Amino acid sequence: MQLATDAGWLERAENCLIFGPSGVGKTHLAAALARAIVELGKRAKFFTATALVQQLQQAKLQLQLPALLKKLDRFDLLVIDDLGYVKKSEAETSVLFELIAHRYERRSLLITANQPFSQWDTIFADDMMTVAAVDRLVHHALIVEIHTDSYRKRAAASRSTAANPSD
């Protein structure tokens, strides 16, 4: 609640990293925080990690990556949802790393992922890039770990029980 009601963390260029398995509400929480930030008069932009990486790659191919990074600086908060779904290719992860490095200590990121840091070597193309990205992200960050069962799984189980009460 403090992140949603006090924009001080954005003014300090701090990050929020939300971890948990699929279906526990990471995206919902990230979207709600972004909306609350907008209601506080700040600017926020929500991206799926895949869509953002595609945009960054396209800009790099057109030699417009610095301009796109500067354009994204208009936002106090960038939400990058489902980081774990980015493929481990040099082209994809290098532009993602450039964004992280560019915003470091300048603007805030909110990242959701279903893998803990120990598994981020599956996201970034090499170990050095993984370590450097994690180092920049956690230096000024609140880390939220969600440990619960999937809401979708629980809803499916409830529907199944309601449909088959004798089970």
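General observations
- Accessible area of the chain belonging to carbon and sulfur atoms, whole % at 1.4 Å probe: 54 percent
- Backbone N atoms of the range 101-126 closer than 19 Å to the 7 Å Cα→Cβ label point of Tyr151 belong to residues 111-115.
- Test item: Cα-centred dipole of the chain, Lys/Arg +1 and Asp/Glu -1 on Cβ, debye: 580 debye
- A helix-only calculation puts the chain at -15000 deg cm²/dmol for mean residue ellipticity at 222 nm, using -39500 (n - 2.57) for each DSSP H run of at least four residues, averaged over all residues.
- Rounded to the nearest 10 Å², the accessible area of Leu56 at probe 1.4 Å: 0 Å²
- Rolling a 1.4 Å probe over the heavy atoms of the protein chains gives the range 8-74 an accessible area of 53 Å² per residue.
- With Cα atoms defining each centre, the range 122-167 and the range 48-103 are spaced 22 Å apart in the structure.
- The lysines whose alpha-carbon is closer than 26 Å to the alpha-carbon of Lys70, local same-chain residues fewer than 8 away aside, are Lys42, Lys45, Lys60, Lys87, Lys88.
- Relative protection proxy for 138-144, 153-159, 46-52, from highest mean packing down: 46-52, 138-144, 153-159 (other beta-carbon atoms within 10 angstrom).
The values are calculated or read from the model by the stated rules, or taken from the named source; none is laboratory data. In this text, all values refer to a predicted model and were calculated from it rather than measured experimentally. Cβ: placed from backbone, ideal geometry, glycine included. Neighbour counts: every protein chain shown. All accessible areas refer to the heavy atoms of the entire protein, side chains included, with ligands and DNA or RNA removed. Shrake-Rupley method; radii C 1.70, N 1.55, O 1.52, S 1.80 Å.
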